Amino acid sequence: MARIFFIDVTNRDGVQTANLGLSKLEKTMINMYLNDMGVFQSEFGFPTTRHESFYLQANLELADMGVLQPIRLGGWVRAVATDVERAFQFVPNIRHLNISVSTSDQMIEGKFQGKKSREDIVNMMIDAVEAARAHRAESIGVNAEDASRTEIDFLIRFALAAKEHGAHRLRYCDTLGYDNPFTIYESVRALAENVEMPIEIHCHGDLGMAVATSLAGAKGAIDGGQDVYINTTINGIGERAGNADLTATVLAVTKSKEFAEKYQLAMPLDLTKVWKVSRFTSYAFRVPIPINQPGVGANAFAHSSGIHADGVLKDPENYELYSFDELGRGEPELVETGREICSGEYSGISGFKHIMGRMAMSFDDARQGEEILELIRYANVEAQKPLVEDELLFIAKYPKIARKLLTLIPPETLS
Ligand SMILES: [Zn+2]
């Protein structure tokens, strides 16, 4: 029986969202949290973008060190052979790629303005896949951007060509959130049956259905006999109305009526990490979690009306589908209401010792402490907000990696 995997794209779709961004350290922390949760793959960035190079290399080093294991780190590139070449030039140790091209007539005509035909699109994709294979990429996903507005016969032809040339998965992108659960089921099932290749489902929320379409798409792939890789972002942050929210989608797959009996996860996910990863991402993006967000919203387990409160006190299952502690909630949290010493780009040694001492961190000698403090200052320059405890601990534990993450040197000439 085919199974369900999760690929989180917060560090790619999330950061390309208008008005939002993450520091390289924040992106790294997200990869760490996703790994702790058991997510199969993180789409961790853009290997052709110069300012990502050190960050991507540093994260691949963490993978080699066994820190970012077993999660896979995948890069996103345009389906252009020269971009694939550049990806391996800037990030030589990258092993997993998703290569992307628009497939709908709307995009082919609207974006390429008559300069490219459907045949050109297929050929571009083939050249890019071949280039990735020549560099011994371990996994290659081919993204059909705007798949939901692409004629299904052409989409099948495109996917068959990708498979024939050695791609491992097809990403079905509902780029505009145009699909509904019924249409995506039919399209993805047709793809699975005709192409016989694992399928990624990438859904957006422009019509408020990203989680529902992800679930229906997953069902379509599995009913068609293929493994499915659902794309999500933490807190649903992504282009425009956002992507399928990681927490809500995992809950939908594992808790919704009758679904989990037939459609199963390929690997266990540790839901108790959800609270922490969601809160960190909200802080990092500076985007509050909506009060009614599934699982992690302030009201997700709040009851006030008489009948509900009485019912949930007698038996939580009366009014709750899952419990708060399954999601890592319920621990008391310390909020400083008096004097606060936090990290900043102009922090000094005394405040720094106070912060690290609070976390029971000590250093071998004064020089080592100074080195860590300097890295923390630099991290603050990029983040422009106090670092959280996990970030401080990360820097103290992996100073060499942190130095790399914080290195931003614009190239003298563009190649
Ligand atoms: Zn997207």
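Entry note, the chain: the mean residue ellipticity at 222 nm calculated from DSSP H runs of n ≥ 4, each adding -39500 (n - 2.57), is -13500 deg cm²/dmol after division by the residues and rounding to the nearest 500. Quick one: among Asn11, Asn93, Asn235, which has the greatest mean-square fluctuation in a GNM of the chain with alpha-carbon springs under 10 angstrom? Among Asn11, Asn93, Asn235, the largest mean-square fluctuation in the Gaussian network model of the chain belongs to Asn93.
Let me spell out the model: positive unit charges on the Cβ of Lys and Arg, negative unit charges on the Cβ of Asp and Glu, origin at the Cα centre of the chain. What dipole size does that give, in debye rounded to 20? Working shown, then result.
Numbers: 42 positive and 57 negative charges, 128 e Å.
For the chain, the charge dipole is close to 620 debye.
Just checking the listed ones, Glu186, Glu151, Glu331: in the Gaussian network model of the chain with Cα springs under 10 Å, the one fluctuating most is Glu331. Across the options Ala216, Gly351, Ala248, the greatest Cα extent toward the positive end of the charge dipole of the chain (unit charges at beta carbon of Lys, Arg, Asp, Glu) belongs to Gly351.
From the cross-link list Lys24/Lys163; Lys27/Lys400; Lys27/Lys273; Lys219/Lys255; Lys24/Lys397, which pairs have alpha carbons spaced over 26 Å apart? Mind dumping the intermediate values first?
Details: Lys24/Lys163 34 Å; Lys27/Lys400 17 Å; Lys27/Lys273 17 Å; Lys219/Lys255 15 Å; Lys24/Lys397 17 Å.
Long pairs (Cα-Cα over 26 Å): Lys24/Lys163.
Taking each residue as 0.36 nm, the span from Asp315 to Ile349 lengthens on full extension beyond its C-alpha to C-alpha distance by 7.0 nm.
Overall form of the chain: oblate. Here a/c, set by the Cα gyration tensor axes a ≥ b ≥ c, is 1.5 or more, and a/b is not larger than b/c.
Note on the chain: with a GNM built from Cα contacts shorter than 10 Å, the maximum mean-square fluctuation among Leu56, Leu170, Leu387 falls on Leu387.
Counting charges near Met29 (Lys, Arg +1; Asp, Glu -1) among other residues having Cβ under 14 Å from its Cβ returns a value of 0. Mean separation of Cα pairs under 8 Å and 6 or more residues apart, divided by the residue count, gives the chain a relative contact order of 16 percent.
Calculated FRET efficiency, Leu334 to Asn180, Cβ-Cβ distance, R0 = 25 Å: about 0.05 to the nearest 0.05. Taking label points 7 Å from Cα along the Cα-to-Cβ direction, Glu61 and Gln368 give a separation of 1.8 nm. Stretched out straight at 0.36 nm per residue, the stretch from Glu326 to Leu265 would grow longer than its current Cα-Cα span by 20.3 nm. Under a Cβ-Cβ cut-off of 10 Å, what is the net charge of the residues other than Val67 that fall near it, where Lys and Arg count +1 and Asp and Glu count -1? So the surrounding residues net to -1. Residue-normalised convex hull volume from the C-alpha trace of the stretch 259-370: 200 Å³ per residue.
Between Met359 and Gln384, how high is the FRET efficiency from 1/(1 + (r/R0)^6) when r is the Cβ-Cβ distance and R₀ = 22 Å? Nearest 0.05.
With a Förster radius of 22 Å, E is 0.50.
Rounded to the nearest 0.05, the FRET efficiency derived from the C-beta distance between Thr272 and Asp120 at R0 = 60 Å is 0.80.
Each reported figure results from applying straightforward, stated rules to the coordinates on display, with no laboratory input. The structure displayed is predicted, hence computed values, not measured ones. We place every Cβ from the backbone using ideal geometry, glycine too, and count neighbours over all the protein chains shown.
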